Amino acid sequence: MSTKTPARHWNPFSFHIRLHATARRLLLARTVRSIAQGALVVDLALYLNALHWSGLEIGLVLSGAGLSAAVFSLLIGHLSDRSRRRPFLLWNEALTVACGLAPLLSDSHVLLAAAIVLGGFGRGQNGAAGPFGPAEQAWLADVVPVKDRGWVYSLNNGVAFFGMGFGALIAMLHALWMPGVTPRAGYGFLFLLVIAGAVVNLWLLYAAEERLKSAPAARGARVRRRQRWESHLLWRLARLNVLNGLSMGLVGPLISYWFALRFGVGPESIGSVMAGTFALTGVMAFYTGRLTRRHGLSRAVVWSRGAGVVLLLVLPFMPWFWLAALIYMLRLAAGGASVGARQAQIVSLIRDERRGLAASVNAASFQIPQSAGPGIAGPLIGAGLFVAPFSIAAALQLVYVIGYDRVFARYDRITESEGQAG
């Protein structure tokens with residue numbers, strides 16, 4: 001049965017896809033994981049600021065979190081192609097529990113920094129499983145047909161943004177008891193939220209089924225040509241992701257810190273903005289998922305990211321908090337909605353036996369330059385240079401959008417033909 005609606009009655013939010021039980025569990029686990037991540041995006045930098053960490057120190061610890069995730073993801077993606085993928089995600093949740101416990105058991109700043117770096121806290125990962133994300137993406141591709149991946153990966157992206165929005169609302173609650181308590185007591189609930197989500201996901205993922213991999217095909221000349229083509233494609237993607245990652249790292253992880261210093265607002269104001277932003281991005285992700293089925297994966301990415309470039313340029317010049325908040329909401333909704341489409345494009349072009357590696361190259365080539373962003377932007381924001389990070393980020397993002405269109409527009413036809421064949 002066709003999943004497409006006639007053009008004259010096309011509804012971008014309608015869908016007729018029956019999800020595999022494992023896919024439902026993976027989407028639900030990502031949603032649960034995203035709740036704590038949304039709260040940490042709002043509050044972690046503010047917590048470190050309340051502990052009198054400098055802008056440089058905040059930027060460096062968030063950079064360390066991104067760098068460690070990138071390095072480990074390369075190894076995990078490669079290993080997950082040669083073994084089962086579920087154990088890697090179970091290890092991620094166990095590590096998250098340990099990192100959530102550490103700041104609750106000790107007031108050591110060194111231990112707090114280690115927990116942030118290993119747990120990937122405060123990076124706004126949209127529910128992704130940190131360095132274990134490549135195994136998660138490859139596992140989802142195993143249970144979703146090619147023709148449905150653009151929509152399902154966008155759905156996965158969308159529900160996680162709604163989860164982050166809910167987490168951002170929760171991040172506002174501590175303002176009720178903050179007066180008269182220490183920063184550690186006021187912000188400690190963040191790590192309880194992290195632990196609770198990881199425990200729920202241990203149960204969800206342990207019960208998910210994973211089908212056995214088929215034996216790899218014999219290596220002939222055709223397979224070697226295909227592998228060289230895949231490697232060339234991944235190399236071009238990696239070069240583009242350097243631009244994208246650095247651009248996102250300059251403005252994303254420290255946006256609450258920027259709002260606080262630029263407009264003098266607290267977590268109650270920033271939390272409401274983040275909640276609205278994530279909810280709007282979730283809606284736009286659903287819309288983008290339908291666009292991928294009508295116009296192709298690369299078109300959806302280019303259109304959404306192109307709009308984000310314009311908004312990124314405008315944002316730092318807004319004179320009032322509410323106006324800057326509105327522009328930020330629109331910018332993140334435009335850019336963030338394309339994440340699922342980009343992930344679907346990669347896992348659909350690469351064969352199953354290299355899919356984890358492809359997802360890890362995609363993640364690491366983004367995360368390594370992204371990890372440098374907070375270390376650059378933190379001192380700039382701390383020094384009152386509020387426009388510079390956004391201007392640099394917009395220029396990088398523009399080059400990325402042009403390059404992505406040139407590299408991937410030609411491959412939409414390949415993905416569509418494979419989906420029809422499947």
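The values are calculated or read from the model by the stated rules, or taken from the named source; none is laboratory data. Computed from a predicted structure; not experimentally measured. We place every Cβ from the backbone using ideal geometry, glycine too, and count neighbours over all the protein chains shown. Please note that ligands, DNA and RNA were not included when accessible areas were found on the heavy atoms of the full protein model with its side chains. Shrake-Rupley method; radii C 1.70, N 1.55, O 1.52, S 1.80 Å.
Using a 1.4 Å probe and counting only protein heavy atoms, arrange VAL144, VAL283 so the residue with the most accessible area comes first. Mind showing how you got there, number by number?
Values: VAL144 10, VAL283 55 Å².
The residues order as VAL283, VAL144, largest area first.
Consider a paramagnetic label point 7 Å from the Cα of ASP352 along Cα→Cβ; state which residues of the range 73-88 have an amide N under 17 Å from it.
In the range 73-88, the label zone of ASP352 (backbone N under 17 Å from the point 7 Å along Cα→Cβ) covers 80-86.
Beta carbons within 10 angstrom, averaged per residue: use that to sort the peptides 304-315, 162-173, highest first. Don't jump to the answer; show the numbers that get you there.
Values: 304-315: 20.9, 162-173: 23.5.
Highest mean packing first, the order is 162-173, 304-315.
May I ask you to order 182-189, 114-121 by the average number of other C-beta atoms within 10 Å around their residues, highest value first?
The peptides rank, most packed first, as 114-121, 182-189.
What are the semi-axes of the equivalent ellipsoid for the chain, taken as the square roots of 5 times the Cα gyration tensor eigenvalues, largest first, in whole Å? Before the final figure, lay out each step's value.
Numbers: eigenvalues 226, 115, 81 Å².
Listed largest to smallest, the semi-axes of the chain are 34, 24, 20 Å.
Tell me, what is the per residue accessible area of the chain in Å², probe radius 1.4 Å?
For the chain, the solvent-accessible area averages 41 Å² per residue.
Using a 1.4 angstrom probe on heavy atoms only, work out the carbon and sulfur share of the accessible area of the chain in %.
68
If the range 13-171 were replaced by its equivalent ellipsoid, with semi-axes equal to the square roots of 5 times the Cα gyration tensor eigenvalues, what would those be, largest first, whole Å?
30, 18, 12
Which value, in Å² rounded to 10, gives the accessible area of ASP148 with a 1.4 Å probe and all protein chains present?
10
State the extension gain, in nm to one decimal, for the chain segment bounded by ALA94 and ARG236, taking 0.36 nm per residue of separation less the distance between their alpha-carbons.
Details: separation 142, 0.36 × 142 = 51.12 nm, distance 3.44 nm.
Residue separation times 0.36 nm, minus the Cα-Cα distance, leaves 47.7 nm.
Got a number for the accessible area of TYR400? Probe 1.4 Å, square angstrom, nearest 10.
Probe radius 1.4 Å; accessible area of TYR400 about 0 Å².
So for the range 253-317, what percent of the C-alpha to C-alpha distances run longer than 16 Å?
Roughly 60 percent, rounded to a whole number.
Which whole-Hz ³J(HN,Hα) couplings does the range 41-47 yield from phi under the Karplus relation 6.51 cos²θ - 1.76 cosθ + 1.60, θ = phi - 60°, glycine and proline marked x?
3J(HN,Hα) across the range 41-47, in whole Hz: 4, 6, 9, 5, 4, 5, 5.
Counting every Cα pair in the range 267-356, what percent are over 21 Å apart?
So the portion of pairs separated by more than 21 Å is 39 percent.
Over all alpha-carbon pairs of the range 74-137, lay out the pair-distance distribution in 10 Å bins, whole %, shortest bin first.
Here the calculated profile for the range 74-137 is 22, 45, 26, 6, 0.
Against the longest principal axis of the chain, how steep is helix 355-382, in degrees 0 to 90 to the nearest 10, with axes from Cα atoms?
Approximately 20 degrees, to the nearest 10.
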